[in-house]
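Colleague: I have a structure I would like to understand better, so I am pasting it below and will then ask my questions one at a time.
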Amino acid sequence: MANKTIYSLTTNATPAATTSWLEIHREGAAESEKTSITNLLALAGISNLTTQYRIPFVDSVGVLTESSSIVTTASGQLAIGGAPIASEKLHVAGDTYVAGDLEVGGDIVKSRAYGYISSSAATSSITTGTPRNLAENATIAAQDVAAADFTVDNTAKNVKYTGTTTKNFHVSSNISMTSSVSNQTVSFYIAKNGTVVTGSRKDRKIATGADVGNVSVDWAVSLATDDTVSVYVDLSTPGTVTAEQCTIAITQV
């Protein structure tokens, strides 16, 4: 019968130990022959054993390696395709497909913003064919529902996207307005980065400028970091427009 080499596993089982270790060694081996599991994993290229735990696997040629695509942490975060986020238990960087039902115990939070004109004021004089920011002289503010990835900027008179991922959004605005001129057409636009989106134009004919009229305007836009959204207005004859009330809603689609 051939001789067999017996290997032993040794651990430090002391609960108060500050460093855990596991050794693999031949029975009766000298101290210099003992190899810790940490060293073995290091030889296989596996690291990050202190704060992140990567799942090892055998690749197509039989080599033990690690995956940086699936990472866990000691505090219970799991990341797939990206780095763990301290404030989130699960971070998936990429598209996700669920074949069955998905039940969520909390809210599904999308990027969003809700603003309004809190103090109305007339625009500066509009030159026909050169739309102006409807809120340029008014005061704008955020509504009660907290924004996510957006800032309502009263100084710049727009809503800025602060998210890091380019996304598609639906923008809608409801406006009650008066005008300094009568029997004219007022045109409203969604504007991105201060440039009107031509296709978003909505017209309203006003008979008497002092009468309050209402119009809604909406459009779908793609926004990258620091892109802005606002509402612009034009008149068929020079004059001013006052948004007596105006709301804007931006929701991810």
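Colleague: Go through the stretch 128-204 and tell me which strands (runs of 3 or more DSSP E), entirely inside it, have 2 or more residues that are farther than 21 Å from Asp226 by Cβ.
Modeller: Counting at least 2 such residues, we get 167-179, 184-192.
Colleague: Could you pull out the residue among Ser187, Ser182 that is modelled with pLDDT under 95 and among the polar types (S, T, N, Q)?
Modeller: Going through Ser187, Ser182 in turn, just one is modelled with pLDDT under 95 and among the polar types (S, T, N, Q): Ser182.
Colleague: Of the residues that sit in the stretch 219-236 and are part of a strand (DSSP E or B) and surrounded by fewer than 16 Cβ atoms within 10 Å (Cβ to Cβ), which one is nearest to the chain's Cα centre (by Cα)?
Modeller: The qualifying residue nearest to the chain's Cα centre (by Cα) is Ser222.
Colleague: Still on this model: Among the residues of the stretch 143-167, write down those that are at pLDDT 95 or above and of a type in the set (Gly, Ala, Ser).
Modeller: The answer is Ala156, and nothing else.
Colleague: Got a sec? Which of Val159, Val215, Val152, Val145 is aliphatic (A, V, I, L, M) and under 20 Å from Leu235 (Cα atoms)?
Modeller: On the way: Val159 fails: under 20 Å from Leu235 (Cα atoms); Val152 fails: under 20 Å from Leu235 (Cα atoms); Val145 fails: under 20 Å from Leu235 (Cα atoms).
After applying the criteria, what remains is Val215.
Colleague: Do you know which residues across the stretch 195-218 are surrounded by fewer than 14 Cβ atoms within 10 Å (Cβ to Cβ) and of a type in the set (Gly, Ala, Ser)?
Modeller: Within the stretch 195-218, Gly199, Ala207, Ala210, Ser216 meet the criteria.
Colleague: Another question, if that's okay. Within the stretch 147-161, can one find any residue that is over 24 Å from Ser222 (Cβ atoms) and in contact (Cβ under 8 Å) with a residue 40 or more places away in the chain?
Modeller: Applying the first criterion (over 24 Å from Ser222 (Cβ atoms)) to the stretch 147-161 yields 154-155.
Still in the running and in contact (Cβ under 8 Å) with a residue 40 or more places away in the chain: none.
No, the stretch 147-161 contains no residue that is over 24 Å from Ser222 (Cβ atoms) and in contact (Cβ under 8 Å) with a residue 40 or more places away in the chain.
The values are calculated or read from the model by the stated rules, or taken from the named source; none is laboratory data. It should be emphasised that the depicted structure is a prediction, and the values quoted were computed from it without experimental measurement. Glycine gets a Cβ as well: all are built from the backbone with ideal geometry, and neighbour counts include every protein chain shown.
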